[in-house]
Amino acid sequence: MDGLLTFLGTGTSMGVPTLGCDCAVCASTDPRDRRLRPSVLLRWQEQVGGRERVVVRERIVIIDTGPDFREQALRNGLTRVDAVFYTHSHADHILGMDDLRPLSFAVFREGGPIPLYAAPETAEALERIYDYTFSPRATYPTRARVELRPLAERTAVHGVEFLRVPVQHGEMQIAGFRFGRAAYLTDVSAIPESSFALLEGLDNLIVSALRHQPHPSHATVEQAVGWARRIGARQTWLTHIAHELGHEETNRMLPDGIQLAYDGLSLPINLGAAN
Ligand SMILES: [Zn+2]
Ligand SMILES: [Zn+2]
């Protein structure tokens, strides 16, 4: 089965342009230098029903709902979301959750809240921030119809399996995801040895690379290139990019098979069994 992955945002937590900055990248007119907060969307066609009447349903999964989620949904014509996977609880990855509301009402009418898959620490942050949504006492009538679910090692969503790939983000252990022959690892500062085994046989690896200078909780371009070489995906895409990296000039110096991603870029993904 084939899917299509779209980068909803490829910027770091502050976005690019960064507020108050007039550097060459922030002032660039190249649309690929404008980066919303990091998130991806995966869509595929699910065949539902028996032999006589097969109905094809479009399925859409989002990884992270950052503060730009509403704008990203508008740009990409999103009319439904079947599930959300969360990597971790930092603001640039969760603060758009409330904008699932209108989409959740439609799904609710189809028969269920939107499942949000999150590790305990992320679920606690969501429950704290969106108390009016998740509290058992919540009575806010137009709250999002969403349901927190524990993040398992493997989660099947309408025929596609999402494999949790643990990665290190500074002191935190957070979640990356593998689906078919692609993986999305954002906010990475280190990849545990055991996670490399989950990343064999990839066509597309998406991994974060902040800038060239070291940062305590994010990989540099050089570190990400090192992992990309070891993992050996056919193509590696860098994301969660700060304003130190201009699109054109950075791509010119990157080795073959490794490129910066940009907002709106779409890639066909083979969604056959993960491994
Ligand atoms: Zn981040
Ligand atoms: Zn983070």
> Hey, got the Cα dimensions of segment 43-159 along the principal axes, in Å, largest first?
Replying inline: 47, 32, 31
> Over the chain, what percent of the accessible surface lies on carbon and sulfur atoms, probe 1.4 Å?
Replying inline: 50
>> Cut-off 10 angstrom, C-alpha nodes, Gaussian network model of the chain. Which of 139, 79, 236 fluctuates the most?
In response: 139
> Once you mark the trypsin sites (Lys or Arg not before Pro) that are in a DSSP loop and have at most 12 other Cβ atoms within 10 Å, what is the longest gap between them in the chain?
Replying inline: 138-233
> Could you give the distance between the Cα centres of segment 203-258 and segment 1-23, to the whole Å?
Replying inline: 14
> Taking the Cβ of residue 25 as the center, what net charge do the other residues with Cβ under 15 Å away carry, scoring Lys and Arg +1 and Asp and Glu -1?
Replying inline: -2
> In angstroms, what radius of gyration and Dmax does the chain have, counting Cα atoms only?
Replying inline: 18.3, 61
> Under a point spin-label approximation (7 Å from Cα along Cα-to-Cβ), what is the residue 57-residue 1 distance to one decimal in nm?
Replying inline: 1.1
>> For the chain, what does the accessible surface come to per residue with a 1.4 Å probe? Please give it in Å².
In response: 46
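Taking each pair of different alpha-carbon atoms in segment 160-268 once, compute 1/r for the pair, average those values, and report the inverse of that mean as the Kirkwood hydrodynamic radius in Å to one decimal.
13.8
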> Looking only at GluC sites (Glu not before Pro) in DSSP loops with at most 14 other Cβ atoms within 10 Å, what is the longest site-free stretch of the chain?
Replying inline: 53-152
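The values are calculated or read from the model by the stated rules, or taken from the named source; none is laboratory data. Nothing here was measured: the structure is a model prediction, and the numbers come from that model. Please note: Cβ atoms are built from the backbone with ideal geometry, for glycine as well, and neighbour counts cover all protein chains shown. What goes into the accessible areas is simple: the full protein's heavy atoms, side chains included, and nothing from ligands, DNA or RNA. Shrake-Rupley method; radii C 1.70, N 1.55, O 1.52, S 1.80 Å.
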